[in-house]
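Right, one structure below, let's go through it.
All of the numbers you see were taken from the coordinates with simple rules; none came from a lab. The structure presented is a predicted model; accordingly, all values stated were derived computationally and were not measured. Here the Cβ is made from the backbone with ideal geometry for all residues, glycine too, and neighbour counts use every protein chain on show.
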Amino acid sequence: MPRITLAQAHLLVRKSLVDHGASGIMAGATSRALVGAEAAGQAGHGLSRVPMYTGFLRTGRADGKAQPVRVAERGGAVLIDARNGLAYPALEIAEAEAGFRTKEHGISVAGVTNSNHAGAMGLPVARLAREGLVALAFTHAPASMPMPGGKRPLFGTNPIAAAFPRRDAPPLVIDLALSGVARGKILKAAQNNEPIPEGWALDAEGNPTTDPHMALEGTMLAVGGTKGALLAMMVELLSVALTGAALSFEADSFFREAGNQPRLGQVIMAIDPAAMAGQAAFLDRVEALVEAIGGDEGVRLPGDRRWDAEHRAEAEGVDIPRPLLDQLQELAGRVVA
């Protein structure tokens, strides 16, 4: 498998996006997000998303010239309108707003509306945690999961991310989607004509299925059954009702290049522990929990694999499947040999 440096990866992403209509600012923010995800070991939200984004730019599902604007603010709250561009310029503004507003008010919430696919939400919360803040992020996605007992897709996989600072150590980072399995695994099974396990999906009539083709025409199931579905509903309401974004079932699938502008929403919340029990007390409690977890052999902390991957990527670069690298080189005009 070919290996490229992070600098080469940034060049491929930026050139691909600019050549397909993105502004330099949008391409730069998107490159930072995608290469950051790739370096952190989250390839599903890394360079593999470039063809999807260039397709959105080409078909108008994303406006490459959009410039995010603040449309509401009061105290620790602010709303950013992404204006139907790719999500990352608006998310960078929301992250910065959450950081400085929290330091002033003790807590903040920064929303993004009229947005797009938001990728690895663990990245912005991890950066805020490195500033000593507790951070949470929520986003939704085009609908793929039903309410318990239903068959109509209403909610997206609706990821949740959270990060907690530590004393003299990288933050704890929790980043998860609320579907029982990634939709990409069902797509791969369909491509290989292989059955999927029971409990992954329902067919179009709402019946459990092990046929991946029928699953793709139906719905995915939430992790943990009813509890996971209701968590997805909570994320939906936070991401949509607070920001005025479109609901998941109003957004066309990301797995089709053509479709509507999804108008999704994201929310980043941050809390300064100093405004509560105090920074020292917070860090003491975190380390007490970490010590207890570490006493159980074979257990690893959330985020550890991420930091190991990032250090390795900075030193050695990242491995990219040859078909993807060829596709990226074609999109970027072969600027990387």
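Some observations on this one:
- As a rough footprinting exposure proxy, the listed residues ILE174, ILE293 were ranked by other beta carbons within 10 Å of their own, and the order from fewest upward is ILE293, ILE174.
- Entry note, the chain: relative contact order of 23 percent, from Cα contacts under 8 Å with a spacing of 6+ residues.
- Counting all C-alpha pairs of the range 1-96, share separated by more than 21 Å (%): 34
- Counting beta carbons within 10 Å around each of MET276, MET26 and listing the fewest first gives the order MET276, MET26.
- For the range 238-308, the list of GluC sites (Glu not before Pro) that fall in a loop by DSSP and count at most 15 other C-beta atoms within 10 angstrom reads GLU257, GLU297.
- Neighbourhood charge, 14 Å Cβ-Cβ cut-off, centred on ILE174 and excluding it, Lys, Arg +1 and Asp, Glu -1: +2
- Cβ-to-Cβ counts within 10 Å put PHE155, PHE282, PHE164, PHE255 in ascending order as PHE255, PHE282, PHE164, PHE155, the fewest first.
- Neighbour net charge for ASN116 - beta-carbon separation under 9 angstrom, K R +1, D E -1: +2
- Sites ALA7 and MET52 - FRET efficiency at Förster radius 25 Å, r taken between beta-carbons, to 0.05: 0.65
- Cα gyration tensor shape for the range 294-337, rounded if a/c is under 1.5, else prolate or oblate: prolate
- Model label points for ASP211 and ASP304, set 7 angstrom from Cα along the Cα-to-Cβ axis, are 4.4 nm apart.
- The computed mean projected area of the Cα convex hull in nm² for the structure shown corresponds, within [x] 14.9; [y] 15.8; [z] 17.5, to [z].
- Extension gain from ARG70 to GLU104, taking 0.36 nm per residue of separation minus the Cα-Cα distance: 10.4 nm
- For the range 134-241, averaging the sequence separation of C-alpha pairs within contact (under 8 Å, six or more residues apart) and dividing by the residue count gives a relative contact order of 29 percent.
- C-alpha center-to-center spacing [the range 280-337, the range 204-256] in angstrom: 27
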